Amino acid sequence: MQKIWIASLLILFGVAGFGGYELFSSKKSAAAAREVQIAAPANEKQSKAKASFHPSRISENDLKLMANAVYGEARGEPFEGQVAIAAVILNRVKSPSFPDTPSAVIFEPRAFTAVADGQIWLTPNESARKAVKNALNGWDPSGGCTYYFNPETATSKWIWSRPQVKKIGKHIFCR
């Protein structure tokens, strides 16, 4: 009876493999009856969303947060470097390895120093806003990079392992 009830729930909710876990029948031994994680299939909806990403679909809130992030991360840097920071955010949004929106990318844990130290909430200047607009219009001085760091202040040893593409101002841009 219990197997029928579980099967009914799985059918009702359209769950195959039940959240990435293989379910074993009760006929198997107790040791084998544990949940074994299996590889979940790629999320087709997410892949399509990434493939069809277009900057015109970014919300006003995301635009504002991007300007805040650029200002917090790169004020005082050359304009090209500010555009490159905005481009890195967009490159992450386009990548299947990162979240689907600029705000989710920006607030991903340990992703941006400006979030960690509160500079994300500083009011951006016009240069930061223009940098975001330039990146949204297709300018990517980073060359498609998804990471960057300031070698004078970086504390992560991992970031040094990334392939370095170019330096703009104080930031090194990486893949």
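At-a-glance table
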read-out: Pairs, first touching a residue at least 40 places away in the same chain (Cβ under 8 Å) and of a type outside the set (S, T, N, Q) in the range 125-138, second open to solvent by 60 Å² or more (accessible area, probe 1.4 Å) and in a helix (DSSP H, G or I), C-beta under 7 Å, six or more apart; value: Ala131/Phe79
read-out: The listed residue being surrounded by 19 or more Cβ atoms within 10 Å (Cβ to Cβ) and over 14 Å from Met66 (Cα atoms), out of Ser156, Ser142; value: Ser142
read-out: Matching entry among Ser59, Ser97, Ser127 (being open to solvent by 30 Å² or more (accessible area, probe 1.4 Å), at pLDDT below 95 and either of a type in the set (S, T, N, Q) or more than 18 Å from the chain's Cα centre (by Cα) (or both)); value: Ser59
read-out: Selected residue (only one of Ala111, Ala87 is on the phi < 0 side of the Ramachandran plot and outside any loop (DSSP other than H, G, I, E, B)); value: Ala87
read-out: Verdict on Gly118 being out of contact with any helix residue (DSSP H, G or I) (no Cβ under 6 Å at 6 or more places or on another chain), within 19 Å of Phe53 (Cα to Cα) and either among the small types (Gly, Ala, Ser) or open to solvent by less than 30 Å² (accessible area, probe 1.4 Å) (or both); value: no
read-out: Hits in the range 114-139 - residues which are among the aromatic types (Phe, Trp, Tyr) and part of a helix (DSSP H, G or I); value: Trp121
read-out: Pair list, Cβ < 6 Å and 6+ apart or interchain, from the range 140-163 residues that are part of a loop (DSSP other than H, G, I, E, B) to residues that are open to solvent by 50 Å² or more (accessible area, probe 1.4 Å); value: Pro141/Glu80; Gly143/Val165; Cys145/Val165; Cys145/Arg175; Asn150/Lys170; Pro163/Arg175
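The values are calculated or read from the model by the stated rules, or taken from the named source; none is laboratory data. The model shown is predicted, which means the values in this text are computed figures rather than measured ones. Quick reminder, even Gly has a Cβ in these numbers, built from the backbone with ideal geometry, and neighbours come from all protein chains shown. Protein only, heavy atoms only, side chains kept; ligands, DNA and RNA dropped before computing areas. Shrake-Rupley method; radii C 1.70, N 1.55, O 1.52, S 1.80 Å.
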